[in-house]
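J.: Below is a structure I'd like to ask you about.
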Amino acid sequence: MQAKKRYLLVSVGAGLLFLIYLWGLQIGEFQQQPYQYHQFPQYPLYHQYHQQEYQYYRQSKEVYYQPQPLPQRNPSRPPRHWPESTKLLEPYLEGGEQEEDTPQLHHQHTSPRERRAIRDNIYKNKRCRMETCFDFARCQSGFKVYIYPQQRGSEISETYKKILTSIEESRFHTTDPLRACLFILAVDTLDRDQLSVQYVQNIRSRIQNLPTWNDGRNHLIFNLYSGTWPDYTEDLGFEDHPLKGGGIGYLTLNDAPPSRKYQLVFKGKRYLTGIGSETRNALYHIHNGEDIILLTTCKHGKDWEKHKDSRCDRDNEDYSKFDYQELLHNSTFCLVPRGRRLGSFRFLEALQAACIPVILSNGWELPFSEVIDWRKAAIIGDERLLLQVPSITRSVGHDRILALRQQTQFLWDAYFSSIAKIVLTTLEIIQDRVDSLTSRNRLLWNSLPGGLYALPQYSTDAAQFPFYYALLGKSPSQQFTTVIHMVTPLQSQISPVVKLIIAVAKSKFCAQIVVLWNCDKPLPPRNKWPSTSVPLTVIEGQTKTMSSRFFPHDAIITDAVLSLDEDSVLSTNEVDFAFTVWQSFPERIVGYPARSHYWDSSRSRWGYTSKWTNEYSMVLTGAAFYHRYYHYLFTHYIPASLLTMVDRMANCEDILMNFLVSAVTKQPPIKVTQKKQYKETMMTQGSKVSSRWADPDHFAQRQSCMNAFSHWLGFMPLVHSQMRLDPVLFRDQVSILRKKYRDIERL
C-alpha cells in the first residue's frame with residue numbers, strides 16, 4: 001500500500017509539473033507578442049523613417065519589404081535605444097502610482113478581427129528601427145539634408161512648400177546628394193486622403209524610381225494624418241501656420257496671481273458614434289456652467305440629426321453662448337480630450353494661450369516627447385479618471401500654475417510657433433540620434449533658450465553656455481580675451497590701435513590680446529607691435545572677410561570676449577567697468593556705442609538710426625563684451641547666404657550679431673557709461689585710408705541689413721531699452737578720491 005501511495009503521489013506531481021510547463025509555454029508566447037499599444041504623435045506634423053518603403057495606415061495600402069543588412073554603427077559609439085512608445089501616460093500628479101492595464105488600440109470601435117489586422121499591420125516590421133535600418137555611414141562627414149529636385153508636373157501644397165523652404169534656408173541643406181545624411185522628397189506627401197484635391201497619385205512608383213531611394217533608408221517623410229483610421233478627412237488647419245516667426249504667446253508679465261476667470265474649459269464637437277465618442281460624451285458630468293465650462297455640439301456632419309440624442313438640443317444651445325477665443329484666453333486649464341484625429345490642433349492653441357493643457361487621450365504621443373518633458377507644461381491624465389479632473393486641477397497651487405504656464409510659452413515659442421521651428425526641431429532631434437556622443441541633454445531642450453540655440457557641437461555641458469549660468473549657479477571666468485579687428489596697416493607706434501592695445505593690456509582682468517589681421521598688407525614684424533604685460537597673438541585671416549571677426553578661434557580661452565575695432569577709443573577704467581557689468585549679465589552684449597531701430601511706416605520697413613536718444617536696441621561690437629559661445633553660434637548657426645551678404649558689403653556684421661544674441665536671449669543689450677562725445681573715429685590725420693563709417697553707402701547698407709536679417713528670423717528680435725549702467729557715485733558731488741573709476745569721471 002505504501003508503494004502504491006507513493007506511486008500515486010509521484011504521478012500526480014508529474015502531472016502538475018506538466019501542466020505548469022504548458023502554462024509557462026503559453027505565458028512565454030503571450031509575452032513575446034507585441035502587446036504594447038501604438039502611440040501616434042499627438043502633433044500632426046510628425047516625422048517617420050520609412051525604411052519600409054512607404055507605409056500608409058490603411059489596410060488597403062500595406063507595403064512592406066524585408067530589411068537588408070546595413071553597415072554597423074561605429075563600435076566606439078554606445079548603442080542608443082530610441083523610444084518604443086510603450087510607456088503608459090503618467091497620471092495627473094507626479095510620482096503617483098500607475099495602474100497597469102491591457103493595451104488600447106487607437107481605434108476602439110472595431111471588431112476583434114479588425115483589431116488583429118491593425119496590430120499586425122503596425123508591428124509586422126517593428127524590428128526595423130533607426131539603429132538597424134539607418135545607414136549611419138552616410139553621416140560621417142556631417143549632418144546634411146538633401147531635397148530632391150521637383151518632378152515635372154508635380155504640384156506642392158503651400159504647407160509643404162513651407163517645409164521645403166525651411167530646410168533650404170537652414171544650415172543643414174546641401175545641393176550635393178553625395179554629402180547628404182538625410183533625404184527629403186520633393187513629392188508632396190502631406191495629404192494622403194484619396195478624396196483630397198492635393199492627393200498625389202502613384203506616389204509609390206514615383207519615389208521608388210529616385211536614384212538614392214534605397215528602400216527608404218535615411219529618408220524623412222512628412223505627413224499630416226488628419227483624422228484616424230479609417231477616416232482621414234478632417235483639415236488640421238496648418239495652411240495658416242506661418243513659415244517663420246509665428247504668433248507670440250499670450251502670457252503677460254503682470255499675470256499674478258496666475259488664476260483666471262475659468263478653471264477648466266473645452267469647446268468642441270461631440271461624436272455620437274464611433275471614434276472619440278466616449279470621453280466627449282461624458283464631459284457633461286463635470287460641467288458646472290460656472291468655472292468649469294465644457295461645451296460640446298452634435299451639430300456637425302451631414303447626418304448628425306439621424307444620431308442625435310436627448311442632450312443634443314441643449315448642448316447645441318449652450319455651445320453658441322460662449323466664444324472659443326474668450327474661453328481660451330481666460331481659463332487656467334484647457335481640456336484636450338480624444339477626438340477623431342491622431343492629434344489635436346487645440347493642444348497648440350492652448351500652449352500659445354498659456355492655458356495649461358489637460359490631456360485626456362490614452363495612447364497619444366505628445367510632440368517631440370523624446371526630448372521635451374511635458375510634465376513641466378501640461379497635466380497628462382487618464383481617460384478613465386474623467387470625474388477626478390476638477391479636483392485634480394483645483395489641487396494645483398499658484399506657484400506650479402505659474403511655472404506650468406511659463407513653460408507653455410517657452411515651448412510654444414521655441415519649437416511650435418512656426419513651420420520652420422517645427423522642421424528644424426525635427427532635424428535637430430535626428431541629428432542628436434545620429435551622433436549620440438554630441439547630443440543635447442534634457443536640460444538644454446527644456447530650458448531657455450532651448451535646443452535650437454544650444455548647439456551640442458560646441459559643448460554638451462550646459463555649464464558652458466552663458467544662458468544657463470544662473471540656473472546652474474555658475475559664474476563666468478574672471479578674465480577676458482581682447483579681440484581687435486584690424487583692416488588697415490599698422491602705421492607707427494602712435495597709431496590709435498597701439499594706444500588701444502596699451503590701454504586694454506593695463507586692465508587687471510585682461511588675460512590676453514588677439515589681433516585679427518584682415519588687412520591686405522603684409523603682416524608687420526613682431527618688433528612693430530607694442531610691448532604688453534599680457535600675451536599678444538596676431539592671427540592672419542585666410543579669407544579676410546568681415547564675418548571672420550566672429551570666428552571661434554581656439555586662441556580664445558576665456559568665457560568673455562572684448563570685441564574692439566581698431567579705431568575704438570577706450571580707457572582702462574572704461575574697460576574694467578564694462579567687464580564688471582558683463583559678469584552680472586554674461587548672456588548679453590555689454591558695451592559702449594549704442595544704436596536703435598524703428599519701424600518706418602511710410603516705407604513699411606525697419607529703419608536704423610545712430611541718433612543719440614534715451615533709447616537703444618543695439619550695442620555695436622566695435623567696443624563690447626559678450627560670451628565666446630556667440631562666436632561659435634554666429635559661425636555655425638547663421639545661414640551662409642547672410643554671411644556672404646555681410647562679406648560682400650563689408651558691413652553689418654555687428655548688427656547681425658545683435659540680432660542673433662537678442663533672438664537667443666529675448667532681451668536687449670546693456671549700455672554702460674561712456675563719454676558723451678564718443679563716435680566712431682576716422683583714421684588719424686595723414687592716413688590715406690578712411691574708416692568705413694565715412695562711406696556714404698555705409699548707412700544705406702545698414703538699413704537694408706535690418707530688413708534682410710528680420711526676414712531671416714521671421715520677426716524683429718531687437719528689444720528697446722532705456723537702461724544705462726553707471727559706476728557708483730558717478731557724477732555725484734563728492735570727492736573724486738571716493739570714486740573707484742575716476743578716469744570715467746574725467747572723460
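J.: Return a whole-number percent for the relative contact order of the range 331-388, with Cα pairs under 8 Å and 6 or more residues apart as the contact set.
T.: 35
J.: Same structure, new question: Which residues' amide hydrogens lie under 5 Å from the amide hydrogen of residue 294, considering only partners 5 or more residues apart or on another chain, with H built in the peptide plane?
T.: The list, which skips near neighbours in sequence, is 266, 288, 289.
J.: Follow-up question, since we're still on this one. Give me, ordered by chain and number, the residues 5 or more places off residue 537 or on other chains with an amide H under 5 Å from its own placed amide H.
T.: Residues meeting the amide H criterion: 513, 514, 515.
J.: Ok, one more. Among the trypsin sites (Lys or Arg not before Pro) within the range 556-615, which fall in a DSSP loop and have no more than 13 other Cβ atoms within 10 Å of their own Cβ?
T.: 603, 611
J.: Turning to a different aspect of this structure: Which entries of 506/671; 161/544; 162/544; 244/671; 474/508 have Cα-Cα distances beyond 27 Å here?
T.: Those over the limit are 161/544; 162/544; 244/671.
J.: A further question on this structure: So for the range 349-437, averaging the separation of alpha carbon pairs under 8 Å that are six or more residues apart and normalising by length, what relative contact order in percent results?
T.: With pairs under 8 Å counted, the relative contact order is 34 percent.
J.: For 370, 278, give the ranking by accessible area with the largest first, probe 1.4 Å.
T.: Largest accessible area first, the list is 278, 370.
J.: Could you check how much of the accessible area of the range 428-565 is carbon and sulfur, as a whole percent, using a 1.4 Å probe?
T.: 54
J.: Residue 363's amide H: which non-local residues (gap 5+, or another chain) put their own amide H closer than 5 Å, with H modeled 1.01 Å from N in plane and none for Pro or chain starts?
T.: 89
J.: Sticking with this structure for a sec: Sort 374-380, 308-314 by packing, meaning the average of other beta carbons within 10 Å per residue, with the highest value first.
T.: Packing proxy ranking, top to bottom: 374-380, 308-314.
J.: Please give the per residue accessible area of the range 529-639, computed with a probe of 1.4 Å over protein heavy atoms only, in Å².
T.: I get 37 Å² per residue for this part.
J.: Work out from phi, with θ = phi - 60° and the Karplus expression 6.51 cos²θ - 1.76 cosθ + 1.60, the ³J(HN,Hα) of each residue of the range 379-395, listed in order in whole Hz, and give x for Gly and Pro.
T.: Couplings: 9, 9, x, 10, 4, 6, 10, 4, 5, 8, 4, x, 5, 5, 5, 6, 7 Hz.
J.: Still on this structure, please answer the following. Residue-wise, which Karplus ³J(HN,Hα) couplings in Hz belong to the range 454-462, taking 6.51 cos²θ - 1.76 cosθ + 1.60, θ = phi - 60°, and x for glycine or proline?
T.: So the Karplus estimates, Gly and Pro as x, are 9, 7, x, 5, 6, 6, 9, 9, 4 Hz.
J.: Right, something else. How about the range 536-619: which chymotrypsin sites (Phe, Trp or Tyr not before Pro) there lie in a loop by DSSP and see at most 14 other Cβ atoms within 10 Å?
T.: Counting only loop positions with at most 14 other Cβ atoms within 10 Å, the chymotrypsin sites (Phe, Trp or Tyr not before Pro) in the range 536-619 are 612.
J.: Return the sequence-ordered ³J(HN,Hα) values of the range 364-374 in whole Hz as given by the Karplus equation 6.51 cos²θ - 1.76 cosθ + 1.60 applied to θ = phi - 60°, using x for Gly and Pro.
T.: Couplings: 5, 9, 5, x, 6, 5, 4, 10, 8, 8, 6 Hz.
J.: Sticking with this structure for a sec: In the range 496-618, if every C-alpha pair distance is counted and binned at 5 Å from zero, what percent goes to each bin?
T.: Computed distribution, short to long bins: 2, 9, 16, 19, 20, 14, 10, 7, 3, 2, 1, 0.
The values are calculated or read from the model by the stated rules, or taken from the named source; none is laboratory data. Predicted model, so just to flag it, every value in this text is computed and none were measured. Counting neighbours? That spans all protein chains shown, and the Cβs are built from the backbone with ideal geometry, glycine included. For accessibility, only protein heavy atoms count, side chains too; no ligands or nucleic acids. Shrake-Rupley method; radii C 1.70, N 1.55, O 1.52, S 1.80 Å.
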